[in-house]
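What follows is a short report on a single structure.
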Amino acid sequence: MRVGPTKQRPPRRAQTTAEAIAQARPAYEADLKAGLDHFFHPRQNQCPWCQSHRLQPHLHTKDLLQHKPGDFHLDRCQDCGHIFQNPRLNPEGLAFYYRDFYDGLGEKNTANLFAGRTTTYRRRAQALTPHNPRPTTWLDVGTGHGHFCATAQTIHPHTAFDGLDFTDGAELAEKAGRVRHGHRGNFPDIAPTITGHYDVVSMFHYLEHSEQPWLELQAAHQALRPGGHLLIEVPDAASRYSRLLGRRWLPWLQPQHLHFIPAANLRERLTTLGFTVLTEHHLEAHDRVDLLAATWFTLDALAPREEAPWLAGRPGKLKRAARAAVVIAGIPALLAATVLDRVMPRFLIRRLELSNAYRVIARRD
């Protein structure tokens, strides 16, 4: 009996952006039908860091990146200076506002952004070298897709890097070979299973996303061996840019950033937990994007919205053309802002206190 060649199926056509938006729209419409109140915890009347009742409004803004609906408020404690989202998103709200940012519709853009930050990742990895030039094990908390770990491996080739993230990013990082093992879940829940396992724990722009950052610090203490090192980098709301640029200061990043911890508060809490703070750096942690981001937010506010499944209707040709015209007209401003960010002298950033982040390295006692 003659057997003919096996008929192969044609390759599956990739889903277009318009199709992905149409597919996602019913779920967003269902989420929004009940309003937005169910996305938030009740408003707090005391500071979550020091329990003071002396709170004052600090910032009112919207989602300037995805333009999902909602109003977001930051309060500042008049006693300890801690700034926090109030009312704060609950788990349902976090899931709604994170959806299609790091994954789904936003996955490609976010992955490209993180993959292109090799120089920043190298500097972060090199920051440990004066304190421990050859760590054996390193856990990166909030690792995303593990791009930092892949770069840090070139600085510390004898180190085994693991990643932890509450999304599937850590698992994808393990499959891609960027980490040895990817832990998926919440750090405080996982810490008891990895007690005293690591020489280094890093949290680069992670604590501001956490609902309870003080529990994350306790988890780091538990996961580290005695003498191990903790590297933390967070936005610095004391930056002069935060006042000059207002709601268009990128590190506010509402509604994802829930807490802004003053450096003095973080040092004090680390000491209380049993760490010795070795260094605190501001200039070295600065990311030169403030003016570019603020310029983009201004242009984006002037232009009609792009199509998104959480926004009503689809923009017509006229609105799409108007948006393109605004963006094209704004290119010179974007280029000028980029140049100003890049050429700003380091001494001026330090003197004017413009650094938008700070980095702390602490040793577990």
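Each value in this text was obtained by applying a stated rule to the coordinates, not by laboratory testing. Given the structure is predicted, the values throughout are model-derived calculations rather than measurements. So basically every Cβ, Gly included, is an ideal-geometry build from the backbone, and we count neighbours across all protein chains shown.
Just a few scattered comments:
- The Cβ shell under 9 Å around W138 holds other residues with a net charge of -3, Lys and Arg each +1, Asp and Glu each -1.
- For the stretch 50-150: rounded, prolate or oblate by the Cα gyration tensor [a/c cutoff 1.5]: oblate
- Counting only Cβ charges, +1 for Lys and Arg and -1 for Asp and Glu, the dipole size of the chain around its Cα centre is about 1220 debye.
- Basic side chains Lys and Arg get +1 at the Cβ, acidic Asp and Glu get -1 at the Cβ, and with that the dipole of the stretch 218-314 about its Cα centre reaches some 200 debye.
- Shape class for the stretch 129-228: oblate, because the ratio a/c of the largest to smallest gyration tensor axis (alpha-carbon atoms, square roots of eigenvalues) is 1.5 or more and b/c is at least a/b.
- Dimensions (Å) - the stretch 143-296, Cα atoms, principal axes, largest first: 44, 37, 28
- Largest-first principal axis extents, alpha carbons of the stretch 244-365, Å: 62, 35, 20
- With a cut-off of 13 Å between beta carbons, the residues surrounding R320 carry a summed charge of +3, where Lys and Arg count +1 and Asp and Glu -1.
- Relative intensity, log₁₀ I(q)/I(0), of the chain from a Debye sum that treats every alpha carbon as a point, q = 0.13, 0.14 Å⁻¹: -1.17, -1.35
- Net dipole in debye of the stretch 87-229 [+1 Lys, Arg Cβ; -1 Asp, Glu Cβ; about Cα centre; nearest 20]: 620
- With 5 Å bins from 0: P(r) over the stretch 50-96, alpha-carbon pairs, percent: 5, 19, 26, 21, 14, 10, 4
- Cysteines not pairable in the chain (beta carbon separation under 4.7 Å absent): C149
- Among the listed pairs K175/K319; K108/K319; K62/K175; K175/K317, those beyond 30 Å (Cα-Cα): K175/K319; K62/K175; K175/K317
- Measuring nothing but how far apart in sequence close Cα pairs (under 8 Å, 6+ apart) lie, relative to its length, the stretch 207-365 scores a relative contact order of 44 percent.
- Around R124: net Lys/Arg minus Asp/Glu count, Cβ-Cβ under 12 Å: 0
- Of T129, P192, Y97, farthest towards positive along the dipole that unit charges on Lys, Arg, Asp, Glu beta carbons give the stretch 96-207: T129
- Backbone amide hydrogens, once placed in the peptide plane, bring A160 within less than 5 Å of T137, W138, excluding anything fewer than 5 places away on its chain.
- In order through the stretch 194-204: 3J(HN,Hα) via Karplus (6.51 cos²θ - 1.76 cosθ + 1.60), integer Hz, x for Gly, Pro: 10, 4, x, 8, 10, 7, 9, 10, 10, 9, 9
- Of the residues H60, I21, N86, the one whose Cα sits farthest toward the positive end of the charge dipole of the chain, with +1 on the Cβ of Lys and Arg and -1 on the Cβ of Asp and Glu, is I21.
- Sorting 42-55, 195-208 by average packing, meaning the other beta carbons within 10 Å per residue, from highest down gives 195-208, 42-55.
- Here Q78 and L244 are evaluated by their C-beta separation; at R0 = 22 Å the FRET efficiency comes out at 0.50.
- For peptides 223-230, 60-67, sequence by mean Cβ density within 10 Å, most packed first: 223-230, 60-67
- Length-normalised contact order for the chain - Cα pairs under 8 Å, 6+ apart - percent: 16
- Most positive-pole-ward Cα, H158, T272, T295, against dipole of the chain from beta carbon charges: T295
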